[in-house]
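I have placed the structure first, in the form of structure tokens, so that the comments after it can refer back to it.
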Ligand code: SF4
């Protein structure tokens, strides 16, 4: 059964470096006083206006098969298609940091305060990523609580619209998870409202399987390799908790 995960905004405040990296600001420029002031202003506003919350539900491989297939429009070489049947555990998740932030970014653009609007938008995107990581940790904690001697495993999350998983899979994901109960709607375009929301599946299993999947054509052509930033190991987390 899905459970709602409250997230304290203080726990999902992005580091300035990650925000400037997302905006492709060179490291040398990030030290400028004006940029630092802008970053602080954007972060203060984010902290005041964001209302992060998530929902999580473990799902069997058989249940996920239909959600992954979606409307039959996936890339046949999708690495997720190879990975999920071999994973030990899967969970659907959705997180949002709320609508107010998006409204505030629009208002700032309307007022032609482009610098603050852009900085706040980047802080909000990074904050939403941190909220997704929180959902991963929540899932891992629930697995560790059930099986304290959990064998070493890798954890990574995938979202519709990436890694060959077609965006239209959102329809079945939403039917199963019902993130509407935390205020996330699915639009006809398959984008989510609030815009700063992330949905997907968290996969827990062998690191070798994940690495093998990354030899697929879709991965060889992938420019971001963003999964590398997202793969983490349960054994490390256990050590961190001790
Ligand atoms: S390499 Fe790219 S396409 Fe492949 S799993 Fe990683 S992020 Fe997805």
Helix 33-49 axis, angle to the chain major axis (alpha carbon atoms, nearest 10°): 60
If contacts are Cα pairs under 8 angstrom and at least 6 residues apart, what is the relative contact order of region 3-241 in percent? 28
What is the packing order of peptides 58-67, 38-47, 162-171, 141-150, taking the mean over residues of other C-beta atoms within 10 Å and listing the highest first? 162-171, 38-47, 58-67, 141-150
Compute the Cα gyration tensor for the chain, then decide on rounded, prolate or oblate, letting a ≥ b ≥ c be the square roots of its eigenvalues: rounded whenever a/c is under 1.5, prolate when a/b is larger than b/c in the other cases, and oblate in all that remain. prolate
Relative to 2.2 N^0.38 Å, what does the C-alpha radius of gyration of region 1-125 come to as a ratio? Two decimals please. 1.38
Starting from the Cα gyration tensor of region 53-142, take the square roots of the eigenvalues, sort them a ≥ b ≥ c, and report rounded, prolate or oblate (rounded when a/c is under 1.5, otherwise prolate if a/b is larger than b/c, else oblate). prolate
Name the shape class, rounded, prolate or oblate, that the alpha-carbon gyration tensor gives for region 155-242, where a ≥ b ≥ c are the square roots of its eigenvalues, rounded holds for a/c under 1.5, and otherwise prolate holds if a/b is larger than b/c and oblate otherwise. oblate
Distance from region 99-154 to region 158-223 (C-alpha centre basis), Å: 15
Rounded to the nearest whole Å³, what is the per residue volume of the convex hull around the Cα atoms of region 26-69? 149
Backbone N within region 188-218 under 15 Å of label point (7 Å from residue 71 Cα along the Cβ vector): 188-192
Can you tell me the orientation of helix 114-146 relative to the chain, as the angle in degrees between its alpha-carbon axis and the longest Cα principal axis, to the nearest 10? 30
Nearest-ten-degree value, helix 99-110 long axis tilted from longest Cα axis of the chain: 40
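Computed from the coordinates by the stated procedures, all read-outs in this text should not be read as laboratory data. Fair warning: this is a prediction, and the values are worked out from it, not measured in the lab. All Cβ positions, even for glycine, are placed from backbone atoms using ideal geometry, and neighbour counts span all protein chains on display.
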